[in-house]
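Shown next, in structure tokens, is the structure this report addresses.
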Amino acid sequence: MAQEERSKHNEFTLEIITPERVVVEDEVESVVLSSPEGYFGILRNHAPFIGGLNIGVLKYRKDGKLHWVASDNGVFEMSGNKLRVMTDAAERGEDINVLRAKQAYERARQRLDERRAGMDYLRAELALKRSLARIKAATGEGQSS
Ligand code: ATP
């Protein structure tokens, strides 16, 4: 069986959508995402499943090449060889403005360090996590395999 033909048999559809746009719609070979239960690896023919998505980096493989997407909290559903990921915000690594993410990180870090009375701790913590995910997705940091 030709290499190309064999790889098609391994594929399933990945769709990552936000309320604003379709961030990814592609045929992929594997996905690893972060859920409250831990890292979750998904291949073709995975059993139907609904789960939560953490703020973090979703990694997928397409034509043997790895791609990284930063995401906010959300949900995912695997069904009929289609993985649908729904989240408030997601960005492909190559579309991330790293300077903006680093500035968001510094702002959130400063708020958390100062801990002023009346500050929204959770909001700052979520902003910190989103910015870190964006920096990681843009650089592929710690996600080489
Ligand atoms: P910031 O403080 O920089 O706005 P944020 O975490 O508050 O960061 P969000 O509210 O999560 O930003 O996102 C608002 C919109 O901006 C979304 O569409 C998101 O995809 C986009 N976005 C946020 N940060 C970046 C970035 N560093 N690069 C590209 N797009 C980004």
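Structure values in brief
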item	result
Hits in the stretch 56-78 - residues which are surrounded by fewer than 20 Cβ atoms within 10 Å (Cβ to Cβ) and farther than 18 Å from Arg21 by Cβ	Arg61, Lys62, Asp63, Gly64, Lys65, Leu66, Glu77
Matching residues in the stretch 136-145 - criterion: being near the ligand (Cβ under 10 Å from one of its atoms) and either surrounded by fewer than 19 Cβ atoms within 10 Å (Cβ to Cβ) or closer than 18 Å to Val31 by Cβ (or both)	Ala137
Which listed residue, of Val32, Val28, Val57, Val69, is aliphatic (A, V, I, L, M), within 14 Å of the ligand (Cβ to nearest atom) and within 16 Å of Thr13 (Cα to Cα)	Val69
Answer residue from the stretch 82-133, given it is in a strand (DSSP E or B) and within 13 Å of the ligand (Cβ to nearest atom) and is farthest from Lys65 (Cα to Cα) among those	Thr87
Scan of the stretch 79-126 for residues that are buried (at least 18 other Cβ atoms within 10 Å of the Cβ) and without any contact (Cβ under 8 Å) to a residue 60 or more places away in the chain, ordered by number	Gly93, Ile96, Ala101, Ala104, Tyr105, Ala108, Arg111, Ala124
Search result, residues across the stretch 34-56 that are in contact with a strand residue (DSSP E or B) (Cβ under 8 Å, 6 or more places away or on another chain) and assigned to a strand (DSSP E or B)	Ser34, Ser35, Tyr39, Phe40, Gly41, Ile42, Phe49, Ile50, Gly51, Gly52, Leu53, Gly56
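Just so you know, all these numbers are worked out from the coordinates, no wet-lab data involved. Here the structure is a predicted model, which is why all the values come from computation and not from measurement. Reconstructed Cβ throughout: ideal geometry from the backbone, glycine too, with neighbour counts over all protein chains shown.
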